[in-house]
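The values are calculated or read from the model by the stated rules, or taken from the named source; none is laboratory data. This structure is a prediction, so every number in the text was calculated from the model and none was measured. In this analysis, Cβ positions are derived from the backbone assuming ideal geometry, glycine residues included, and neighbour counts consider all displayed protein chains. The area values use the complete protein model at the heavy-atom level, side chains included, leaving out ligands, DNA and RNA. Shrake-Rupley method; radii C 1.70, N 1.55, O 1.52, S 1.80 Å.
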Amino acid sequence: MSCVLAAAACAASKEDFKTYASSESGDINLDSSLSIADAVLLQKYILNETTLSSAAYANADMNSDGKVNIVDLALLKEKISGSETPTETTEATETETSSESDSENDAAELVYSDSAVVMKNANGDEIKTASNVVVDGTKATITKPSDEIKVSGKCSSGQLVIDVDKTTYADRKVTLVLNGLELSNENDSPIYVAAIGDEAVLSIKKGTENVISDGTDYTNADESQGAIYACDDLKIKGKGTLTVNGNANDGIVCKNDIKIWNGNIIVNAADDGIRGKDSVKIGDPDDTDFSNLNVTVKTTGGDGIKSTNEKEEGEGTVTINGGTININAFSDGIQAVSDLTVNGGDITVYTYQGSEYTASGSSSGNTGGFGGFGGFGGGGMQDGNSNKMPDDLSAKGLKSDGTINLNAGTFNIDSSDDSIHATGDIKIYGGKYKLGSADDAIHSDATLDVAKDTSVDYSEVEIYVYKCYEGLEAVTINQNSGIVNVISGDDGYNAAGGTDSSGNNSGNPWQQGGGMESSTGTMNLNGGIVIVQAANGDHDAFDSNGELNITGGYYCANGQDPLDCGDGYSINHTGGNVITMTSGNTNLSTTYAFVKDGKVVASFVSGQVGSFAYQDDSSVTAYSGCTITGGTNLSTLDETQLIYTDGTVSGGTEVTKTNGSSSGGPGGSGNRPGGGF
């Protein structure tokens with residue numbers, strides 16, 4: 001019967017469309033009447049088992065939204081059930097097709113229990129068979145594209161599989177609505193996406209709690225492990241809560257692209273938390289409101305969020321567009337083998353034992369470092385009495401083997417290894433950064449840009465490094481604008497050539513000596529407000545292995561050598577204002593201020609005995625021991641670090657202008673080979 005109807009529908013002409021498009025809605029088989037036969041034909045079309053002519057398609061669009069889908073089928077069934085008393089022909093058709101309709105009905109809902117999976121249709125009626133789902137005990141397999149299947153219930157040995165023929169159903173989706181689902185499986189991945197043409201979508205219903213947990217020892221069909229495991233693209237969205245417990249290995253795994261658009265996502269993993277091979281994208285780039293996006297990751301043996309495809313160009317990326325992200329990782333916080341890009345969001349990262357980690361001795365209590373860490377402190381997941389770093393462990397905050405692009409966002413990173421590290425360039429064009437590290441705060445093996453150019457407003461980039469071995473390190477450093485405040489155990493800014501190298505420096509628990517091989521680097525201080533407090537000892541505030549060029553900006557250079565360049569290179573000053581001092585950072589008790597035309601450009605607290613080494617123009621004056629009235633605090637990341645602007649200065653002493661002629665001026669003890677490593 002249905003084949004004849006389909007053939008009749010396919011044979012309809014354009015004239016048929018003109019006639020029936022204006023006739024009664026729902027007449028799918030174009031016989032000028034409504035019956036269950038129309039519903040059967042529409043159902044077959046939705047299941048891709050037949051086609052519709054233009055006339056039939058127009059009549060099938062029950063809600064006139066330009067699309068024909070399961071919603072139209074439901075509306076048609078309602079219309080048929082409320083129509084006039086059916087004729088004998090209609091009754092006969094109903095009888096003939098009822099069994100076919102029941103057996104091929106879509107499953108619109110799956111309800112799990114420890115004994116079985118119950119399927120329900122769009123009307124909420126229980127059905128035994130469905131054309132889009134196959135049930136075997138507590139395992140349900142979706143075999144055809146489905147706009148929406150609700151999933152609920154509780155099962156301790158269940159599995160939800162998506163396995164759709166990608167040849168037959170290319171570029172089609174399956175959307176699972178998690179509606180209060182607690183699904184566990186000791187022997188397999190509880191949610192497993194074997195194949196899907198477009199993407200598998202997990203939609204978390206608002207107000208629901210959903211928990212997915214795997215066992216501690218098993219191998220899935222892909223010979224791997226993961227509580228949620230996808231061989232094709234995976235998208236997670238919604239306004240409910242999804243908790244994923246990866247007890248064997250990883251939490252959420254995708255071998256292609258993984259997108260987390262919104263929802264409250266909590267991942268606990270024995271190894272990696274969220275791993276996408278080709279890419280991980282957090283936050284829909286078309287959204288402007290990310291208030292419903294929260295991602296929390298805790299790992300006891302791996303990275304927090306990572307992408308791993310290093311073989312294909314353009315793959316292996318991580319992109320964050322917004323949301324609140326909290327990571328407590330045993331290893332790296334966020335890692336990309338290609339580019340790592342952040343366009344917004346509130347990002348908190350804690351790795352290994354945080355900045356309190358030491359290679360020997362205790363970790364000083366590991367109190368969590370900075371405020372507002374969201375309860376992650378207390379030494380992370382390590383025993384506070386054990387400080388042996390596992391071999392070859394990388395515990396960086398943000399890490400990329402390509403370029404790191406930071407365009408906006410708020411960052412709180414407390415890391416045992418570098419807080420921000422890239423093999424390629426690091427471009428910090430916006431955002432606020434509170435960084436603590438037992439190694440470098442920011443390290444690039446290539447070029448580091450702080451702000452895009454000198455025209456950027458100071459407040460667009462703010463960096464506060466409250467603890468580090470070295471502060472900002474790269475082959476080439478372009479300090480263009482922004483507000484930077486660094487408290488360092490060694491050099492504050494270090495421009496050096498080469499890549500990370502091994503060394504033997506007991507002051508650095510990562511034993512990287514000065515961090516990079518001793519070869520040529522270049523430092524360009526072009527603008528911004530930068531305060532560097534280098535520790536007492538043979539440490540520099542601004543250290544370049546090659547040229548050190550000062551063209552603009554306001555700088556506090558507090559170190560044994562405030563400014564230092566490589567042997568045979570020069571400190572070139574064509575602009576900018578620099579206060580230099582050699583006291584180190586052990587006595588930060590004196591207020592300094594740059595004043596221009598009677599207004600404070602920047603005031604800060606630093607060491608004692610400062611000299612005005614470089615001056616941009618005669619209208620700028622520097623004062624020490626002064627009092628600041630009014631103005632605006634530019635330092636928003638720590639209430640103890642006050643950097644004021646626009647106020648007025650009173651009292652104090654004008655800082656002596658040396659222009660590089662005294663021991664407190666540029667170069668300090670001279671231009672040392674290797675930049676003082």
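Dividing the radius of gyration of the alpha carbons in the stretch 94-206 by their Kirkwood radius gives 0.97 for Rg/Rh.
Shown in residue order for the stretch 407-420 are the 3J(HN,Hα) couplings computed by the Karplus curve 6.51 cos²θ - 1.76 cosθ + 1.60 at θ = phi - 60°: 9, 6, x, 10, 10, 10, 10, 10, 10, 6, 9, 3, 6, 9 Hz (x for Gly and Pro). Under 5 Å between amide hydrogens, built in the peptide plane, is the criterion, and for HIS443 it picks out ILE420, HIS421, ALA422, GLU473 among residues at least 5 positions away or on other chains.
3J(HN,Hα) along the stretch 223-240: 6, 8, 9, x, 4, 10, 10, 10, 7, 10, 4, 10, 10, 10, 8, x, 10, x Hz, from the Karplus curve 6.51 cos²θ - 1.76 cosθ + 1.60 with θ = phi - 60°, whole Hz, x for Gly and Pro. Overall, the stretch 179-304 carries a charge dipole of about 440 debye about its Cα centre when +1 sits on the Cβ of Lys and Arg and -1 on the Cβ of Asp and Glu, all other atoms neutral. Phi angles of the stretch 478-485 translate, via the Karplus equation with coefficients 6.51, -1.76, 1.60 and θ = phi - 60°, into HN-Hα couplings of 10, 8, 9, 6, x, 10, 10, 10 Hz per residue; Gly and Pro are given as x. Working from label points 7 Å from Cα in the Cα-to-Cβ sense, the VAL134 to THR648 distance is 8.4 nm. Here the spin labels are modelled as points 7 Å beyond Cα on the Cα-Cβ line, and at GLU209 and ASN292 they lie 2.1 nm apart.
Can you give me the % of accessible surface on the stretch 159-295 that is carbon or sulfur? Probe 1.4 Å, all protein chains present, nothing else counted.
Carbon and sulfur together cover 35 percent of it.
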